[in-house]
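Okay, structure first, notes after.
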Amino acid sequence: MQYTTLGRTGLTVSRLCFGTMSFGGDADEATSAQLFNRCREAGINFFDCANVYSGGRAEEILGTLAQPCRDQLVLTSKVRFKMGEGLNDSGLSRRHIMLQAEGSLRRLRTDRLDIYFCHHRDPQTPFEETLRALDDLVHQGKVLYVGVSNWCAWQIALGIGQAAALHTTPIHVIQPMYSLAKRTAEMEILPLAADQHLGVIPYSPLGGGLLTGKYSRASRDEKGRLTTNKMYARRYQDPVHLDIAERFAQAAAKLNMHPATLAVAWVKSHPAVTAPIIGARNLQQLEPSLAAGDYEMSPAQRAELTALTPPLAVATDRDEER
């Protein structure tokens, strides 16, 4: 396993982060333990979670598994989405953030969250209130570093600027969607992250399973998320995604590599990326992604694989001076 520094935090983390969204859902408690132990055996010290995963059950399982080695791990959680039936049981208000941080700490059986992410933007709450609440958690020692997930570049930049103006804790880590099938982050988010020295842990490097070799115009995994989950089916409904999947699977076959290994390694090879978030429902799914932890992709190979996708739009309409 390769290791690197997470942005400007000074934390040393594995070049792969394991996402625990399956814990307590697709992976029962016993399978979750197998996945966690295999990740630790492979050298992963970085685990991503969220309060909403399996209604809090994922945090509970991760907390139990992490207890014997807690100080060797970097654990994350998130706040934003609905965690109850009350009118104020969602969002990024001070009230919701403070209550949910305590809930995550309790379920994870820990005294601090290494990274606490705003899971999405909350248009109803001013940035200032959110930033001050997070800053208070940092001063209380309950959160060490602040991150944002699913924010677009202007929102991240505004958050960075307002945190500096308010003298609150800065944004240290971002978590965008990024894969060979979804490259929007390359336009502005990843350049912003590189410029500001942010840690970047992209999710969905396999495109929801699209890039695992199980999907083409002729066949599809009938039990996969792209078939059974409406959100993922909608996310990758454009026929161009199946074209990308087919071309990518052919490229992996020529290299004699598992498509999942190659897909994760491609995300990992971007200079701004710290650690792709991998996930799995069982050990069989996990192994190909784990193999990317030691794979070093050359710039030439990255360029060849990138060329399998349609050209990406530029951030402005004028690119002749690039």
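Any idea which of (1) touching a residue at least 12 places away in the same chain (Cβ under 8 Å); (2) farther than 25 Å from Val200 by Cα; (3) surrounded by fewer than 17 Cβ atoms within 10 Å (Cβ to Cβ) is the one Arg107 doesn't satisfy?
Against the list (1) touching a residue at least 12 places away in the same chain (Cβ under 8 Å); (2) farther than 25 Å from Val200 by Cα; (3) surrounded by fewer than 17 Cβ atoms within 10 Å (Cβ to Cβ), Arg107 comes up short only on (3).
Restricting attention to segment 301-317, report how many residues are more than 14 Å from Ala251 (Cα to Cα) and not polar (S, T, N, Q).
7
So which strands (runs of 3 or more DSSP E) stay within segment 1-95 end to end and still have 1 or more residues that are among the hydroxyl-bearing types (Ser, Thr, Tyr) and more than 20 Å from Leu105 (Cα to Cα)?
Where strands (runs of 3 or more DSSP E) fall fully within segment 1-95 and carry at least 1 residues being among the hydroxyl-bearing types (Ser, Thr, Tyr) and more than 20 Å from Leu105 (Cα to Cα), they are 3-5, 12-14.
Does any residue of segment 245-254 turn out to be part of a loop (DSSP other than H, G, I, E, B), surrounded by fewer than 24 Cβ atoms within 10 Å (Cβ to Cβ) and touching a residue at least 40 places away in the same chain (Cβ under 8 Å)?
Scanning segment 245-254, I find no residue that is part of a loop (DSSP other than H, G, I, E, B), surrounded by fewer than 24 Cβ atoms within 10 Å (Cβ to Cβ) and touching a residue at least 40 places away in the same chain (Cβ under 8 Å), so the answer is no.
Just one of (1) under 17 Å from the mean Cα position of the chain (by Cα); (2) free of Cβ contacts under 8 Å to residues at least 60 places away in the same chain trips up Cys69, so point out which.
So Cys69 meets the others, but not (1).
Given the structure, is Val200 in contact with a Cys (Cβ under 6 Å, 6 or more places away or on another chain) and modelled with pLDDT of 95 or more?
Against the criterion (in contact with a Cys (Cβ under 6 Å, 6 or more places away or on another chain) and modelled with pLDDT of 95 or more), Val200 does not qualify.
Check off (1) in contact (Cβ under 8 Å) with a residue 40 or more places away in the chain; (2) within 23 Å of the chain's Cα centre (by Cα) for Pro310 and give me the number that stays unchecked.
Condition not satisfied by Pro310: (2).
Can you work out which of the residues in segment 32-72 that are touching a helix residue (DSSP H, G or I) at 6+ places or on another chain (Cβ under 8 Å) and of a type in the set (Val, Ile, Thr) is surrounded by the most Cβ atoms within 10 Å (Cβ to Cβ)?
Checked segment 32-72; the qualifying residue surrounded by the most Cβ atoms within 10 Å (Cβ to Cβ) is Ile61.
How many residues does segment 76-104 contain that are in contact (Cβ under 8 Å) with a residue 60 or more places away in the chain and of a type outside the set (Lys, Arg)?
1
Of these, Leu144, Leu166, Leu158, which one is at pLDDT 95 or above, of a type outside the set (Asp, Glu) and buried (at least 17 other Cβ atoms within 10 Å of the Cβ)?
Leu144
Please state which of the following conditions Arg318 fails to meet, knowing it meets all the rest: (1) of a type outside the set (Ser, Thr, Tyr); (2) in a helix (DSSP H, G or I); (3) without any contact (Cβ under 8 Å) to a residue 12 or more places away in the chain.
(2)
So which of Ser90, Ser149 is modelled with pLDDT under 95 and either closer than 21 Å to Leu16 by Cβ or surrounded by 18 or more Cβ atoms within 10 Å (Cβ to Cβ) (or both)?
Only one candidate qualifies: Ser90.
The values are calculated or read from the model by the stated rules, or taken from the named source; none is laboratory data. All values reported here derive from a predicted model rather than from experimental measurement. All Cβ positions, even for glycine, are placed from backbone atoms using ideal geometry, and neighbour counts span all protein chains on display.
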